[in-house]
Amino acid sequence: MSDFKIKVEDVLAATENGKAVILHFYPQSSVGFSNRRNFSIRGTDDRKPSCTVFEKSGKWWLQDKGGDDTKAYDAISLTRREMSLSYPQALEWIAQRFAPHL
């Protein structure tokens, strides 16, 4: 890990409050941002899409209400889950890809 300190606020500002990160992992979530429609993240066998994105407390969140894991994830927690990273590692991963100026 690098010697500089990445601030959560800077990462969120550089990713449209996490929207860019959610779109990176789940491009199909674009319909949730643009049309407030549900979408699937569990593959083609998901006949009734129940995943959604929503904004709360200045951050975008992703939540799949029909899967085994119904927890809501912001950009950092989603990155931790998808990449198996610690919190500081997730911040650095996001910064490297979405805000190299940080």
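The values are calculated or read from the model by the stated rules, or taken from the named source; none is laboratory data. Note that the structure is predicted; figures quoted are calculated from it, not measured. A quick note on method: Cβ atoms are made from the backbone with ideal geometry, for glycine too, and the neighbour counts reach across all protein chains shown. Heads up: the accessible areas ignore ligands, DNA and RNA and are worked out on the full protein's heavy atoms, side chains in. Shrake-Rupley method; radii C 1.70, N 1.55, O 1.52, S 1.80 Å.
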Which pairs turn up if I take residues in region 80-92 that are open to solvent by less than 60 Å² (accessible area, probe 1.4 Å) and look for partners that are in a helix (DSSP H, G or I) and not charged (D, E, K, R) with beta carbon separation below 7 Å, at least 6 apart in sequence or on another chain? LEU85/THR79; LEU85/TRP93; ALA90/ILE76; ALA90/THR79; ALA90/MET83; LEU91/VAL8; LEU91/VAL11; LEU91/ILE76
Residue match in region 19-38 (condition: over 19 Å from HIS101 (Cα atoms), of a type in the set (Lys, Arg) and surrounded by 10 or more Cβ atoms within 10 Å (Cβ to Cβ)): yes
From the set of residues in region 61-77 that are at pLDDT 95 or above and touching a strand residue (DSSP E or B) at 6+ places or on another chain (Cβ under 6 Å), which is least open to solvent (accessible area, probe 1.4 Å)? LEU62
Counting only residues that are farther than 22 Å from SER77 by Cβ and among the polar types (S, T, N, Q), how many does region 22-47 have? 3
Return the total of residues in region 43-63 being closer than 28 Å to GLN96 by Cβ and among the basic types (Lys, Arg). 2
Listed by first then second residue, the pairs whose first member lies in region 28-45 and is within 14 Å of GLY67 (Cβ to Cβ), whose partner is assigned to a loop (DSSP other than H, G, I, E, B), with beta carbons under 7 Å and at least 6 positions apart or on separate chains, are ASN38/PRO49; ASN38/SER50; PHE39/PRO49; SER40/ASP46; SER40/PRO49; ILE41/TYR26; ARG42/GLY67
